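Below: one structure, written as structure tokens.
The values are calculated or read from the model by the stated rules, or taken from the named source; none is laboratory data. Predicted model, so just to flag it, every value in this text is computed and none were measured. Glycine also receives a Cβ, built like all others from the backbone with ideal geometry; neighbour counts cover every protein chain displayed.
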């Protein structure tokens with residue numbers, strides 16, 4: 001059973017990114033997350049939060065993103081992003097083909113591929129009108 005570290009709600013706006021990362025970094029450092037795992041979580045969290053801020057809500061519509069942090073057995077850090085934005089499962093699309101040149105490759109998909117490669121587990125679900133994306137990173 002996961003142990004809750006903390007939960008905060010942020011405006012789904014780029015201006016909140018530093019606060020989101022500060023919350024994640026400070027909380028996970030205090031929980032003993034090793035520097036390498038923390039760096040990977042920070043980069044992944046930035047990608048996910050910026051995507052929520054840019055694409056989660058129709059232009060001009062204010063929105064929010066809830067960030068929940070917990071520790072799981074292993075130990076592992078768990079970062080959950082929840083928003084009431086446009087339904088979107090970033091894991092449903094095929095991975096970007098990184099064997100193609102930049103000119104041949106479609107736009108989009110590299111960020112979520114990076115997140116999937118950096119994390120030990122990434123899941124998505126739509127529940128109670130919310131997009132919920134969960135990142136898990138083991139400490140070892």
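Based on what the data block shows, is residue 1 within 22 Å of residue 136 (Cβ to Cβ) and assigned to a loop (DSSP other than H, G, I, E, B)? Yes, satisfied. The lone criterion from (1) at pLDDT 95 or above; (2) exposed (fewer than 12 other Cβ atoms within 10 Å of the Cβ); (3) not in a helix (DSSP H, G or I) left unmet by residue 33 is number (2). Being within 14 Å of residue 86 (Cα to Cα) and in a helix (DSSP H, G or I), is that true of even one residue in the stretch 54-71? Taking every residue of the stretch 54-71 in turn, at least one turns out to be within 14 Å of residue 86 (Cα to Cα) and in a helix (DSSP H, G or I). Scanning the stretch 48-75 for residues that are surrounded by fewer than 20 Cβ atoms within 10 Å (Cβ to Cβ), in contact with a strand residue (DSSP E or B) (Cβ under 8 Å, 6 or more places away or on another chain) and either under 19 Å from residue 21 (Cβ atoms) or free of Cβ contacts under 8 Å to residues at least 12 places away in the same chain (or both) yields 63, 64, 66, 68, 71.
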